[in-house]
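**Q** One structure, pasted below without further comment.
Bear in mind that the values in this text are calculations on the coordinates, not laboratory data. These figures come from a predicted structure and were not determined experimentally. Backbone-built Cβ (ideal geometry, glycine too); neighbour counts: all protein chains shown.
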Amino acid sequence: MEKLSFRLTAPRCAGGTRTQAIVGVVASGNLEVLLERASPADMCTIDIATAAHGFGAVWDAVVRDFVARRSAGGLRISINDGGARPDTVALRLAQGVRKIEEPER
Amino acid sequence: MTTAKADNVSLSWYEASARQRIDAFVDAGSFAELIGPELREMSPHLAIFDLPEQFDDGIVVGRGRLDGVPVLVAAQEGRFMGGAFGEVHGAKLTGLLRAARALHQDVLILFDTGGVRLQEANAGELAIAEIMRAVIEARRAGIHVLGLIGGRAGCYGGGSLIAGTCSRLIVSEQGRISVSGPEVIETNKGIEEFDSRDRALVWRTMGGKHRYLIGGADAFVDDEALAFRQAAIDALKTMRGCDVAVLEAEQKRLERRLQRFGEAADAVEIWQALGIDQPTGIPALPTAAFLRAASNRENADDAR
C-alpha cells in the first residue's frame, strides 16, 4: 500500500450534524471514503491508503480540487482505495460530503 | 405507526450494497451499527499481502427493528473480496450471534459471500466453525437465525455451511447456494463435469429456484428489498425451533431426497420427478407462476 496524507485549508465548513458517513466499497477500480468530524472548521485532512503506487500527484490534484469546490472544512477523511480512477474518487468524495450533511432521522 | 415502516423505495437486493440492504430492510431509521467503520477493526492479515483493507472488514453488524421487533442484523459486502470470511469479519458475526443469546433477540444474516478469504485461510476456516457453533447454540436457546440470500457473490463455501445451520433461508432467483462454486468444480472435475461459464447451468444447479424446489431454501422472493423484508417478518412469526425431532425428521427427508433424485444428471430431471408440468420452463417463470408450479416442492421445515 502507498500511504498519502493531506492537510488542506478549506474555504467552506461541512454542514449538517451527523458525526460520520461512509460511502463506496474497496473493490477493483473503486474505493471507500470514511468522513468524520474533526476540528478546526477551516481544515480538511485526508489520509489515503492506495493499492496503486506512484500516483501521488494525481491524488494531490483531485483532493485539492475537492476541497476547493465542496464544503470539506472540519472533516477528517480516510480513504481505502482499490485503484479507482480520478473521476470515481471525485464522485465518492462528493457523495461523502452529501451524506454527512444529510439531515438525521 | 411510523416506527415499523421501511423505506418505501424499490431496491434491487442483487445490486445493493450491504449498507443499502440493511437500510431498506429494517424499520426506517432503526439501525444502529456495532463496531462501525470508525473503529477501524480491520483484517490483520491483508497488509502482509499488500492488499487493500476495508474499515468494516466487509461486514456490517448491528441492531435494529423489524416490524417493531428488536432484531440483530449482519450484512456481508459481496464486492469487498467477494464477501469472503476473514478473522475480523467472522469474529463480528460470532459476537453478534453470542449477543443474540444474551439479549434473546432473533438474528438476520444477509449472506453475500464466496466463502473463506484465502489470504487468511486458517483464521477464516476457524471463523466458519465458530459461527456455526454460535448459530446452533443460539438456536438451542430459542433464538431464530434467518439467512437471506440474493447477492452478487451468492452464498458459497463456508457461507453455505453456515446457511445450512440457519433456522430458515429466504432466497431470490439471483441467489445461489452451494458449497463448491462453479469455477471450483470445473477446476477440480473438468469442464465436462461442470462448465462454469454456462450461466443457465450454474443457475439451474445452484440458483434460488432450484434450491427452493428441493428444500434447500424455505421462501422464494422477488429481487426486492421489501420482498425480503416481508418474507423475514412472516418467517419470524412461524418458526418452530430446533430440537432432536426436527433434526431427525430432516435427516430422514434428506435420505429420501437422495433416493428420489440421486440418479438425476441435471436439475431439470429433478423438477420432472417433482411432478412439475413443464420442467424446462421453470427458469423463465415469473415469481407468482413459479410459486404455483412449485406447489409439490420438497420442504425442509426448520432444518436442512
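**Q** So how far apart, in nm, are the two label points at B:R98 and B:L161 if each is 7 Å from Cα heading toward Cβ?
**A** Result: 2.0 nm between the two label points.
**Q** Another question about this same structure. So in the protein assembly as shown, what percent of DSSP beta bridges are antiparallel if you round to the nearest 5?
**A** 55 percent
**Q** Grab every C-alpha pair in chain A, bin the distances at 5 angstrom width from 0 up to the longest one, and report whole percents.
**A** Going out from 0 Å in 5 Å bins, chain A shows 2, 14, 27, 27, 18, 9, 3, 0, 0 percent.
**Q** Determine, from the Cβ-Cβ distance of A:Q20 and B:N299 and an R0 of 41 Å, the FRET efficiency 1/(1 + (r/R0)^6), rounded to the nearest 0.05.
**A** Efficiency for this residue pair is about 0.35.
**Q** Something else: Any chance you could list P(r) for the protein assembly as shown, counting all Cα-Cα pairs in 10 angstrom bins from zero, rounded to whole %?
**A** Result, from short to long distances: 5, 21, 29, 24, 13, 5, 2, 0 percent.
**Q** Right, another one. Contour minus end-to-end for B:D277 and B:V69, with contour as 0.36 nm per residue of separation and end-to-end as the Cα-Cα distance?
**A** Result for the pair: 70.8 nm of gain on full extension.
**Q** So what are the three principal axis dimensions of chain B from its Cα atoms, in whole Å, longest to shortest?
**A** Extents along the principal axes, in whole Å: 53, 50, 40.
**Q** Here is a follow-up. Could you list the residues of the range A:2-26 with an amide nitrogen less than 16 Å from a label point located 7 Å from the Cα of A:V58 in the Cα-to-C-beta direction?
**A** Answer for the range A:2-26: A:2-4.
**Q** Separation of the range B:240-281 and the range B:32-99 by C-alpha centroid, Å?
**A** 34 Å
**Q** If you don't mind, there's one more thing I want to ask. Taking 0.36 nm per residue of separation and subtracting the Cα-Cα distance, what length does fully extending B:R257 through B:A47 add?
**A** Length gained between B:R257 and B:A47: 71.0 nm.
**Q** Roughly how many nanometres apart are two label points built 7 Å out from the Cα toward the Cβ at B:A129 and B:Q230?
**A** Placing both labels 7 Å beyond Cα along the Cβ direction yields 4.3 nm.
**Q** Can I ask one more? Across the residues of B:51-63, average count of Cβ atoms on other protein chains within 10 Å?
**A** That works out to 4 on average.
**Q** If you count the DSSP beta bridges with both ends in chain A, what percent of them are antiparallel, to the nearest 5?
**A** On the way: 20 of 28 bridges.
Percentage antiparallel, nearest 5: 70.
**Q** Starting from the Cα of B:A265, step 7 Å along the direction of its Cβ; do the same at A:K3; then give the gap between the two resulting points in nm.
**A** Distance between the two pseudo-spin positions: 5.9 nm.
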